Amino acid sequence: MTQTILLHIEGMTCGSCAAHVRQALESVPGVRTVSVSFPDRQAEIEVNVNSNVDVNSLSEAVSGLGYRAQLVQARPLRENTLRRPVGEPEHAQGASKLHVVVIGSGGAAMGAALKAVEQGARVTLIERSVLGGTCVNVGCVPSKIMIRAAHIAHQRRTSPFDGGVSAASPKIQRERLLAQQQGRVDELRLAKYEGILARTPAITVLRGEARFKDAHTLAVAITENDLCEVSFDRCLIATGASPAIPPIPGLKDTPFWTSTDALATDMIPERLAVIGSSVVAVELAQAFARLGSQVTILARNKLFFREDPAISEAVSAAFLDEGIEVLERTQASRVTHLDGEFLLTTVRGELRVDQLLVATGRTPNTRTLNLDAADVAVNAQGAIVIDKGMRTSAPHIYAAGDCTDQPQFVYVAAAAGTRAAINMTGGDVALDLTAMPAVVFTDPQVATVGYSEAQAHHDGIETTSRTLTLDNVPRALANFDTRGFIKLVAEAHSGRLIGVQAVAPEAGELIQTAAIAIRARMTVHELADQLFPYLTMVEGLKLAAQTFTKDVTQLSCCAG
């Protein structure tokens, strides 16, 4: 007489792990046969009834290898009775659950993994590098910390209140700022990624680089010599993007920086050139300038050339005031590096600097995935093409975040990942980006949502608009900082608000109110009639809305 013991095994990451668990269990005296399934995370052990084999001895056998075993089922089995194939419905709790594989561990990946578990699926999350993706490790978090530190340095050096509050030239100790920055990055990665994954048993983390073998199987390179296969019911691709490197002659032979390098450096170069006019380019250019670098930006067009022209004018003027040189319609035709100095050849002549930062956008991380094997289509830039439900050209494979043709913002990625998980588990939801707010963390900040006038006209929408300069906003006057404006774009026949562009200190703190107003289909007249707290920057939205019918210069301070 024999008995079958069914164990749930935690900690396996591939087929090799399953083989190690099987060997450990077979070494226990009294065990007759062992079958281990990595996808189902279970081991089926046939033992002699009169032996001393129990769950504790089996658990100890696998715990020595770093795995955890938990009893699911134990039942008697007659001699020579055929055992059920692994994976049948009677197996371990959750063995028949939908298996979702997520490639990546950033905002989209984590949003999807957690929502898929909430929806009842079991998840394998595959990460080839550091958990957390771009945002927490080398993007949003470290950049905003550096930008804030630079802002504090700038305020100590100069402010509108220098007449009464003595200014001082701060000593910049970049190595200490970098340690503080990295410490907070490590804290957030542990709290929001590593810790959550460790506390979610339904998610197995597999370290390695994934590549599609076919439409339902991934080959994952754990090490150079260790390859395992992972099958799935549904898959989410959330592999993010990497800094794009333009094909400038000589560039690749120089020690230029990408944004990742710039955020990790402990040096502040005396002279810094920035190639690019992307969000990352302008943010880091101003940060380095405020920390002590002499900065020159080479912009192929103008700053923010896809936005309302007033945005470029306002930010360029602010940069000029701070001594940041912006060379518009200027590209480097060649880059060389000799004796510790970069030489950039441009139509304006030669530019010599100590360091070069290249920030010309980001390229989707899709080229090593072998997407053709799964029939997943990409566009000319290598971005995965998806619909509003995050479905790719393969019906059971989804994608979200910077590896797709979606806007490259982490909050878009997270929202897309969550919705993808709902759809992967039987739902049908879409991601609506018509009221998507965006913020550029320069000073003054740039914040936009909805249509610009040009975009609306392109779509055949007749508009009316008003622009309010900040010298009409009491908060800006009280701050002695009236740089910038707030512009409202409305549908001409209805007055419905369809877009807002703002350049203002802390513009990012007011743009969400504008997004909600657009989402609620408010008219500018309804917005003008709302209560806004006095002496806040967001009150500028009310004042801008009032300009459609009133001369706000003739109103008292908080006239409603």
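The values are calculated or read from the model by the stated rules, or taken from the named source; none is laboratory data. Just so it is clear, the structure is predicted and the values come from calculations on it, not from any experiment. Reconstructed Cβ throughout: ideal geometry from the backbone, glycine too, with neighbour counts over all protein chains shown.
Taking region 191-231 on its own, how many of its residues are without any contact (Cβ under 8 Å) to a residue 60 or more places away in the chain and part of a loop (DSSP other than H, G, I, E, B)?
3
Can you name the condition, by its number, that VAL136 falls short on among (1) in a helix (DSSP H, G or I); (2) closer than 23 Å to ILE268 by Cβ; (3) not basic (Lys, Arg)?
The number of the failed condition is (2).
Kindly indicate which of ALA314, ALA373, ALA399, ALA416 is in contact with a Leu (Cβ under 6 Å, 6 or more places away or on another chain), at pLDDT 95 or above, aliphatic (A, V, I, L, M) and surrounded by 15 or more Cβ atoms within 10 Å (Cβ to Cβ). Explain how you work it out, then say what you get.
Values: ALA314 fails: in contact with a Leu (Cβ under 6 Å, 6 or more places away or on another chain); ALA373 fails: in contact with a Leu (Cβ under 6 Å, 6 or more places away or on another chain); ALA399 fails: in contact with a Leu (Cβ under 6 Å, 6 or more places away or on another chain).
Residue meeting the stated conditions: ALA416.
The conditions are (1) in contact (Cβ under 8 Å) with a residue 24 or more places away in the chain; (2) assigned to a loop (DSSP other than H, G, I, E, B), and ALA109 fails exactly one of them. Which is it?
(2)
Is it true that some residue in region 335-347 is closer than 29 Å to THR134 by Cα and small (Gly, Ala, Ser)?
No, region 335-347 has no match at all.
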